[in-house]
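Undergrad: Mind looking over this structure? Questions follow.
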Amino acid sequence: MDALNRRFNSEDYYQVLWPLLLMSLLILLVGIGFRSPWPADEPRFVEVAREMVASGQWLFPTRGGEYYPDKPPVFMWAIALFYQLTGSLKLSFLLPNAFCGLLTVFLVYDLGARLWNVRVGRNAALLLLIVPQFLMQAKNAQIDAMVMCWITVGCYGLIRHFMLGPKWHWYFIGWAFMGLGVITKGVGFLPLLLLIPIGIYAFKDKTRFEGRLTWLCLAGPLAMLAVIACWLVPMVMTVQAHGTPEMVAYQNNILFKQTGERYVNAWHHIKPWYFFVLSVIPWMWFPISLLVVAYWKQWVQKVKADPTIAILLIWVGLVVLFFSISPGKRNVYILPALPMLALAASAVLTGVSPKAWFEKLVTGVLWFLGALVLVAGVLAFIHHPALVKALADYTDDLTGIGYLFILLGVLWCALLWLARRQFALVKVGLVSALGWVLVSTWGYAMLDEMRTPRSLMLHTAEVIGEDAELGLVNFKEQFILFSPMSVTHFSYLAPVEEQERNAWQWMQENKQRYVLVPSGAELSCFDIKGGKSMGIAHRDEWILLSASELKPQCQAPERVYRYFTDHPGRWLKE
């Protein structure tokens, strides 16, 4: 331990780098292989990646055989690539974000060391690792951690050029990664907002960016467009060559509806303009949010004294403002701003004497959380009625959850006692690492059955046989991903009424076909009361309908939709 502390406290770049990367890698990789893809978004991306590998068709992502237009394909390509390399979907689906998280930690450390000193870089990287939102996404298979990484590379390239340059190769690399970010999730262009504060400071001092802010900067977007074209041109040319209605709809959806229209006129996740400031940043960006309050004077002084810190913080503010303007908001949208905020926070606070009230408050909060976890574990172990009711849709046996929380609570409090003389942020890091290790191993393995429909789909296969034909109506992607049977669905994008009518026609053609629907579905072509319950998954009871539940008549669908997937659950046996 002393040797590790000496390395971390060293002023040598590499003495600090290697233990930092090793520790980050361990935290990011722990738990991989312990769980399957979990809702809300993971099953969708993983199923798309699985179909890429199974079909060999990577240019147009498909979900259950139907084109998936919500996101460009880069993130799914990454999962599919690791799937091909490892041969295990359960191992591969978390690897892209884990490595993106590791790269982000390195870039933050490297920038801090180059702009200021090794201690600033070290503290920035460690601060990033203890902010809840960072690890929640880096240890997940949602798209946002990868977008954060590409945006961080974009910022890195621009900062290396303007603050430490001129470094024209880094300038163009930054723009190129903006392009990669765009074809990952649209908003990859966000680093260009750095040009606003850079332009302001250049206007105030004409010599500040001499040799770096020249006419050559106008060529930067060409690098971004070149990367975008690597995906866009083949996609558009294929659509123009074949021109099927489905391909044209995919092209128009992903290029227009999922970009400008989604930002200006969002149709879901509607939140007020202050959502990020009041509901996300105080909790998901803790402890940075509290550090701003506790050391406000130091923040103001450093912003006035150091233009680099000011530029970083203005960019963070512009990113939050950008997403606050759109009516559609999710807490992960502002994640790309977090690495640069951690860097600025470290530059402000490294070397500043700790405030007693901050240390006491954070330590008190940690003790309270540890006690809360312990109490929750005891209540789960004794099956307290309130907890049993709250978790009834997932499990009726809380014993395992109780053991996990009791152990976590005991170790949490013991760790706080052993580290009682450490700084509060060190304590945050220690209990955070403890929590992630326990949850990512024991927790993942225990919760996997609760968070997936695997048992329900296996039971359905036992009832009708794995070679039976199963249709899905009003479903989510995990019911395809975990199905041992071949699956037919009737367009995920179609209204439930159209799905039902297509399912009725499909079942009329073969009396040995079945349809799985949620019990709450309002169906006019089936007698849902006569169906068999297959169990509960994702807080819904699922009903199996056979030919016996077909009503004599059903209105014809406006259009025939049928999408077939051959035994998608084969990966469960890998």
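No value in this document is a laboratory result; all are computed from the given coordinates. On a predicted model such as this, the values are computed, not experimentally measured, just so you know. Every residue, glycine among them, receives a Cβ derived from its backbone with ideal geometry; neighbour counts consider all protein chains shown.
Undergrad: With n ≥ 4 as the cut-off for DSSP H runs, can you work out [θ] at 222 nm for the chain, using -39500 (n - 2.57) per run divided by the number of residues, rounded to the nearest 500?
TA: -18000 deg cm²/dmol
Undergrad: Also: Using a 7 Å offset from the Cα along the Cα-to-Cβ direction at both Phe8 and Val352, what is the distance between the two label points in nm, to one decimal?
TA: 2.1
Undergrad: Additional query: Would you kindly enumerate the cysteines in the chain that have no other Cys beta-carbon under 4.7 Å from their beta-carbon?
TA: Cys155, Cys217, Cys230, Cys413
Undergrad: If you average 1/r over all unlike Cα pairs in region 19-151 and invert the result, what Kirkwood radius do you get in angstrom?
TA: 15.5
Undergrad: Same structure, new question: 7 Å from Cα along Cα→Cβ at both Val236 and Val378: what's the point-to-point distance in nm?
TA: Going by the 7 Å Cα→Cβ label model, 6.5 nm.
Undergrad: Any chance you could run the full-extension gain for Lys532 through Asp566? It's 0.36 nm times the residue separation minus the Cα-Cα distance, nm to one decimal.
TA: Difference between extended and current length: 9.8 nm.
Undergrad: Then there is this: Largest first and in whole Å, what are the equivalent-ellipsoid semi-axes of region 159-275 based on the Cα gyration tensor, each being the root of 5 times an eigenvalue?
TA: Computed over region 159-275, the values are 34, 21, 9 Å.
Undergrad: Let me ask something else. Kindly state, to the nearest 0.05, the FRET efficiency for Lys204 paired with Leu493, given R0 = 51 Å and r defined as their beta-carbon distance.
TA: On the way: r = 51 Å, r/R0 = 1.00.
Calculated transfer efficiency: 0.50.
Undergrad: Quote to one decimal, in nm, the extra length available between Val365 and Leu321 on full extension: 0.36 nm per residue of separation minus the C-alpha distance between them. Write down the numbers at each step before the final one.
TA: Numbers: separation 44, 0.36 × 44 = 15.84 nm, distance 2.99 nm.
So the chain would gain 12.9 nm between Val365 and Leu321.
Undergrad: Taking 2.2 N^0.38 Å as the expected size of a compact globular protein, what ratio does the Cα radius of gyration of region 265-332 give against it, to two decimals?
TA: Details: Rg = 14.0 Å, N = 68, 2.2 N^0.38 = 10.9 Å.
Dividing the Cα radius of gyration by 2.2 N^0.38 Å gives 1.28.
Undergrad: Excluding Ala468 itself, what net charge comes from residues whose Cβ is under 11 Å from its Cβ, given Lys and Arg +1 and Asp and Glu -1?
TA: Once positives and negatives cancel, what remains is -3.
Undergrad: Extension gain Trp18-Gln301, at 0.36 nm per residue separation less the Cα-Cα distance, in nm?
TA: Details: separation 283, 0.36 × 283 = 101.88 nm, distance 3.28 nm.
Here the answer is 98.6 nm.
Undergrad: Something else about it: Report for the chain the percent antiparallel among DSSP-assigned beta bridges with both residues inside it, nearest 5.
TA: Beta bridges within the chain, antiparallel portion: roughly 65 percent.
Undergrad: Convert each backbone phi in region 67-80 into a coupling constant with the Karplus relation 6.51 cos²θ - 1.76 cosθ + 1.60 (shift: θ = phi - 60°), then list the ³J(HN,Hα) values in order as whole Hz, x for Gly and Pro.
TA: 4, 10, x, 6, 9, x, x, 4, 5, 5, 4, 4, 5, 4
Undergrad: Considering every Cα-Cα pair within region 356-451, what fraction, in whole percent, is farther apart than 20 Å?
TA: That fraction is 42 percent.
Undergrad: How large is ³J(HN,Hα), in whole Hz, for each residue of region 124-135 in order, when computed from phi with the Karplus curve 6.51 cos²θ - 1.76 cosθ + 1.60 and θ = phi - 60°, using x for Gly and Pro?
TA: For region 124-135, the Karplus-derived couplings read 5, 5, 5, 5, 4, 5, 9, 6, x, 5, 5, 6 Hz, x marking Gly and Pro.
Undergrad: Would you mind checking which residues have amide H under 5 Å from Gly471's amide H? H placed 1.01 Å from N; only 5 or more apart, or other chain.
TA: Here Thr488, Tyr514, Val515, Leu516 satisfy the definition.
Undergrad: Given R₀ = 45 Å, FRET efficiency for Ala556-His169 by Cβ-Cβ distance, to 0.05?
TA: 0.15
Undergrad: Does a label point 7 Å from the Cα of Val248, set along Cα-to-beta-carbon, have any residues of region 552-574 with amide nitrogen under 20 Å, and which are they?
TA: 558-562
Undergrad: At 20 °C and 1.002 mPa s, grab the translational diffusion coefficient of region 454-573 from Stokes-Einstein with a Kirkwood Rh over Cα pairs, rounded to a whole number in µm² per second. Spell out each step's value before the answer.
TA: Working: Rh = 14.1 Å.
Result for D is 152 µm²/s.
Undergrad: Here is a follow-up. Could you give P(r) for the chain, binned at 10 Å from zero, as whole percent values over all Cα-Cα pairs?
TA: Pairs per bin, as whole percents: 3, 15, 24, 25, 18, 10, 4, 1, 0.
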